[in-house]
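The values are calculated or read from the model by the stated rules, or taken from the named source; none is laboratory data. Just so it is clear, the model here is predicted, and its values are computed rather than measured. Cβ placement follows ideal geometry from the backbone for every residue including glycine, while neighbour counts extend to all protein chains displayed.
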Amino acid sequence: MFLGRSRKSSNGKDSPEEAVDWKAVERRVAQGGLESVPHEIHLDPWTHLYASRMSNMKGSAIRAMMGSAAIPGMIALAGGLPDTRPIELDSVVDATRAAMVAEGGWALQYGPSEGHRGLKKHVIELMAEEGVGIDYDDFIITQGSQQALDLIARTFIDPSDIIIVEAPSYVGALQATSGYEPSYVAVPMDEQGLVVEELERQILKRPKLGSAKFIYVVPNFHNPAGVTMALERRERLVELVRDYGLLLIEDNPYGKLRFEGEDIPLLRSMDENIVYLGTFSKIFSPGLRLGWVIAPRPILDKIVIGKQAADLCSSNFAQMVLEHYFERNLWQKNVERLRNVYRSRRDAMLAALEEHFPDGTTWTKPEGGFFVWAKIPEGIDTSEMLAEAIENKVSYVPGSAFFTDGTGDDHMRLGFCYESEERIQEGIKRLGKVIKGKIALAKSLGIKE
């Protein structure tokens, strides 16, 4: 894939790399749709038919940036793609064959809306390892945890309802909830995660927050911030939601990917009324689109109704393949491999940041997960800088994508999950050069001292 019209290079052949229309890239990034930069403007004759909520819905900046990865020579630090390359493909073939032999035509049929019991057995085992005891009726299988976010939003949010999120917050959660037109209240984070004291202060100052529909947090190896919520804050947060009768949503996609430090108990392990989201995408394969949501029974009953309306059921075939893969206990070996891979790439990124980023830049030092969250010197807008970075064949996600109020332009999310150590180092070097160039330009214009 390339963007813009092809033109002839010096050897007379079409040159996609030379043909990239970077102004078009910049425009489409700003609009949230890099994957399909049009050659012509197309009028939309159906504008008057769209629901008003569509005006609140925007394409994911991260999904849009995935298109840039196809540009020749691009070093993609923007995405959060789990690395599936270490998976032994023969084991997946064996699991697929075993599922078809054991289940026959049933694997190709509709399944229960709540999920395939054989796979649910393994979710129960996974959660038991995390100190959370559940039964088959305490959760359902979803199309990744992203579907669970949409179902929760559908279940709880009416227009103008208050929901409380972290600042920054996972952009997929903001995207899943925005269509239901909530009023966001964002609570800041620091190196120990959500600042629970600030949340409590805001609730005391604004009593309406005590009637918020829910609080949404990513406590482990946060996306995008990379930080982990401290134990003391988890305990205080659980006390707070009990005191005010608030619903707490715990999203934990990266919890199994700790490669440094000690595990911290899940919020769900402290209170069975907490709604918990899990996923197989990070510990096995995002391509199967399988996750789960644990919730109190009355809430789960409503979520099941929403799922039936959305897709009837998750793929029976995918669930049975995953069941047979887990039966062979191969996933633990794969996760351990991934921990080592991600640790090495994280180390490469942190070392490169120390070497190539300018003074005045700060960044988080994650103990697991996929992301580093960097703050660059004041006065440099990471959204405006993105087009120049892409010209230099390196991508990132501007920080503003993760805030509900459009702030965060002095931050960027850097993913270390997919590119090799060498390419990460080169990508950070290129990015550091772009930032330093912006600083030098600002100084020459008298904008920055």
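Return yes or no: is Asn329 modelled with pLDDT under 95 and part of a helix (DSSP H, G or I)? Here the answer is no, as Asn329 does not meet what is asked. Of the residues Arg297, Arg268, Arg289, the single one that is touching a residue at least 40 places away in the same chain (Cβ under 8 Å), at positive phi and not aliphatic (A, V, I, L, M) is Arg289.
Against the numbered list (1) at pLDDT 60 or above; (2) buried (at least 16 other Cβ atoms within 10 Å of the Cβ); (3) touching a Ser or Thr at 6+ places or on another chain (Cβ under 7 Å), Gly79 comes up short only at (3). In the range 408-449, the residue that is nearest to Asp381 (Cα to Cα) out of those that are in contact with a Lys or Arg (Cβ under 9 Å, 6 or more places away or on another chain) and of a type in the set (Val, Ile, Thr) is Ile439. Any residue in the range 231-247 that is at pLDDT 95 or above and in contact with a Lys or Arg (Cβ under 8 Å, 6 or more places away or on another chain)? Yes, the range 231-247 has at least one match.
Of the residues in the range 407-416, none is over 18 Å from Thr364 (Cβ atoms) and not aliphatic (A, V, I, L, M). The requirement of being out of contact with any Asp or Glu (no Cβ under 6 Å at 6 or more places or on another chain) and part of a helix (DSSP H, G or I) is satisfied by Arg430.
Please determine, by comparing only the residues of the range 132-153 that are small (Gly, Ala, Ser) and on the phi < 0 side of the Ramachandran plot, which one is surrounded by the most Cβ atoms within 10 Å (Cβ to Cβ). Filtering the range 132-153 for residues that are small (Gly, Ala, Ser) and on the phi < 0 side of the Ramachandran plot, the one surrounded by the most Cβ atoms within 10 Å (Cβ to Cβ) comes out as Ala148.
Of all residues in the range 115-131, which are in contact with a Lys or Arg (Cβ under 9 Å, 6 or more places away or on another chain) and either of a type in the set (Ser, Thr, Tyr) or buried (at least 21 other Cβ atoms within 10 Å of the Cβ) (or both)? Selection gives Met127 alone. For the range 154-170, a residue qualifies if it is buried (at least 22 other Cβ atoms within 10 Å of the Cβ) and not in a loop (DSSP other than H, G, I, E, B), and the qualifying residues are Ile163, Ile164, Val165, Glu166. Is it the case, given these coordinates, that Pro366 is outside any strand (DSSP E or B) and under 12 Å from Ala225 (Cα atoms)? Yes: the conditions hold for Pro366. Among the conditions (1) part of a loop (DSSP other than H, G, I, E, B); (2) under 27 Å from Lys375 (Cα atoms), Val187 misses just one, which is (1). The residues in the range 192-230 that are at pLDDT 95 or above, assigned to a loop (DSSP other than H, G, I, E, B) and either farther than 27 Å from Asp410 by Cα or of a type in the set (A, V, I, L, M) (or both) can be counted, and the count is 8. Residues in the range 191-202 that are over 17 Å from Glu235 (Cβ atoms) and not polar (S, T, N, Q): Glu191, Arg201.
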